[in-house]
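Beneath this line is the structure, given in structure tokens, with notes to follow.
The values are calculated or read from the model by the stated rules, or taken from the named source; none is laboratory data. For clarity, every value in this text was computed on a predicted model and none was experimentally measured. Using ideal geometry, Cβ is built from the backbone for each residue, glycine included, and neighbour counts are taken over all protein chains shown. Protein only, heavy atoms only, side chains kept; ligands, DNA and RNA dropped before computing areas. Shrake-Rupley method; radii C 1.70, N 1.55, O 1.52, S 1.80 Å.
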Number of protein chains: 2
Amino acid sequence: MEKIEPPHVAVILVAPQMSENIGAAARVMSNFGIRSLRIVNPRDGWPSDKAVQLAAHGEFILKEAIIYNELNAAIEDLTFIIATTATSRNLNKEVISPRKAIEIACLQASQGNRVGIMLGRESTGLTNNELEYADVIATIPTSSLNRSLNLAQALAIIAYEYMLHVIQHENNEKDKYLPYAELNSGAIAPRREIKSFLDRLVPILERERFFSIPQKRDQMLNKLRTMLIKAKLSSSELRILHGILRALS
Amino acid sequence: MEKIEPPHVAVILVAPQMSENIGAAARVMSNFGIRSLRIVNPRDGWPSDKAVQLAAHGEFILKEAIIYNELNAAIEDLTFIIATTATSRNLNKEVISPRKAIEIACLQASQGNRVGIMLGRESTGLTNNELEYADVIATIPTSSLNRSLNLAQALAIIAYEYMLHVIQHENNEKDKYLPYAELNSGAIAPRREIKSFLDRLVPILERERFFSIPQKRDQMLNKLRTMLIKAKLSSSELRILHGILRALS
């Protein structure tokens, strides 16, 4: 099977106000495998020490970032643009979830197109005019408690969806199963080991008159067995229980 | 159709180092509709002006936050705990995606249980010992370019998945929560009941010289705690264990 490159995606920050947020955005981009950062008219100038301080291993993205004087130039090589807004406005654009936006965009990218994720200034977001450059508008669902997302947080969520999409695609491509399915769960002991533990426990409990109501003995045994099965114990955990039993009896 | 309350979820920050990150965490919680913040041993003390500066409309969460001296106290009323780590470690816990973790946790919560999302200190995350208190470990997939997520960014992604889950559930009024596991008969006992069982078991084991190798005592204690958490025992099942202990000792 032919290996397909992850979709090319660029982040465009339009008139960001705080350099710290540019740094945090670079960190998040590196976390989720997006390299290309384009900044249109950063308010606090460029380069920025404050941005570097917040980038935490994402400094290379700041170094490679390109600064533009106008939005048009920053997006000219792109073919599909996702814009993000806090609230849907009265525009003639599709407003969709980040997940759907990434899905559509990556489909575009896999056809050799180039995708942009565009985020606006912290105070007021993207202007209606800037939104006109987008193919789709993605709105992150928020609680009525507080609809205002931090710039880098909003980017984190969209970049995370991109990462998930890439992982899923790579796995399908190679016909692998999901990496985050149940790893590490440890081998569960076979039923016979549960049985032999109970076979040892029950006579001791009988000797110690644990089953005070004889009619309820079977019911209690079932409860014990259920508990042991539900616990999905490994063989070594059952050995610990044997050790406790040995110590106590 | 009966209306089900959104699952009760609390965020537990364990030994956070920078107050700014606590403020950013509060902002993110308010963005995604999570109110209960618990902070264990914040390095820079409490309350914190810096935290308030970063909270941006999430100040009410900081005001309602509760400070603890130890992790045990912060989680004693909870029944299901998601821990977050950057890398999977060699622990006997399920390691799953944030999406899966939220799904499982919210099913738990729909049965009247109480969910915690636990995040560790910025520098080194949660210790292996702290991780022992969790039911599942959620790892956010990251790029090899930079695996280190900012604390509030990591929380943003998990809280976003929670928000999506709640929205999806509300939109599918007909979809009742499915029972988490067929064997899971009753509500899960809160952590304090597990702790009080261990508090009773351990002195008995010490008296009976169960801990033959003193250096391995803590390791063995962790194994016992893990086993009890993994078993998802109900209060009545724990009473059975108390009964066994009484009979044997």
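A few points about this structure:
- Shape of segment B:191-249, Cα gyration tensor, a/c cut at 1.5: oblate
- Per residue value of the accessible surface for the protein assembly as shown (all protein chains in place, 1.4 Å probe), Å²: 47
- J(HN,Hα) series, segment B:140-146, from Karplus relation 6.51 cos²θ - 1.76 cosθ + 1.60, nearest Hz, glycine and proline x: 7, x, 10, 7, 5, 4, 6
- Accessible surface of segment B:19-71, 1.4 Å probe: 49 percent of it comes from carbon and sulfur atoms.
- In the context of the full protein assembly, B:LYS223 retains an accessible surface of approximately 90 Å², using a probe radius of 1.4 Å and ignoring ligands and nucleic acids.
- Accessible area buried between chains A and B, both sides summed, probe 1.4 Å, in Å² to nearest 100: 5400
- All-pairs alpha carbon distance profile, chain B, 5 Å steps from 0, percent: 1, 6, 13, 17, 18, 16, 12, 9, 5, 3, 1, 0
- The gain in end-to-end length when the B:ASP218 to B:LEU245 segment is fully stretched comes to 7.6 nm, 0.36 nm per residue minus the alpha carbon separation.
- Chain B: angle of helix B:217-230 to the longest principal axis, Cα-based, in degrees nearest 10: 70
- Using alpha-carbon coordinates, inclination of helix B:235-248 to the longest axis of chain B, degrees: 30
- The amide H of B:ILE96, built 1.01 Å from its N in the peptide plane, has B:ILE137, B:ALA138, B:THR139 as neighbours under 5 Å, considering only residues 5 or more places off or on other chains.
- Using the Cβ-Cβ distance between A:SER236 and A:ASP44 with R0 set to 56 Å, the FRET efficiency from 1/(1 + (r/R0)^6) comes to roughly 0.45.
- Between B:ALA73 and A:GLU76, the simple spin-label model (points 7 angstrom out along Cα→Cβ) gives 6.3 nm.
- For segment B:189-205, the Karplus equation 6.51 cos²θ - 1.76 cosθ + 1.60, evaluated at θ = phi - 60°, returns couplings of 5, x, 4, 4, 6, 5, 4, 6, 5, 4, 4, 8, 5, 4, x, 5, 4 Hz by residue, with Gly and Pro reported as x.
- Ordering B:ASN129, A:PRO141, B:GLN17 by Cα displacement along the dipole of the protein assembly as shown toward the positive end leaves B:ASN129 in first place; charges were set at the Cβ atoms of Lys, Arg (+1) and Asp, Glu (-1).
- Relative contact order computed over segment B:8-93 (Cα-Cα under 8 Å; 6+ residues apart), in percent: 32
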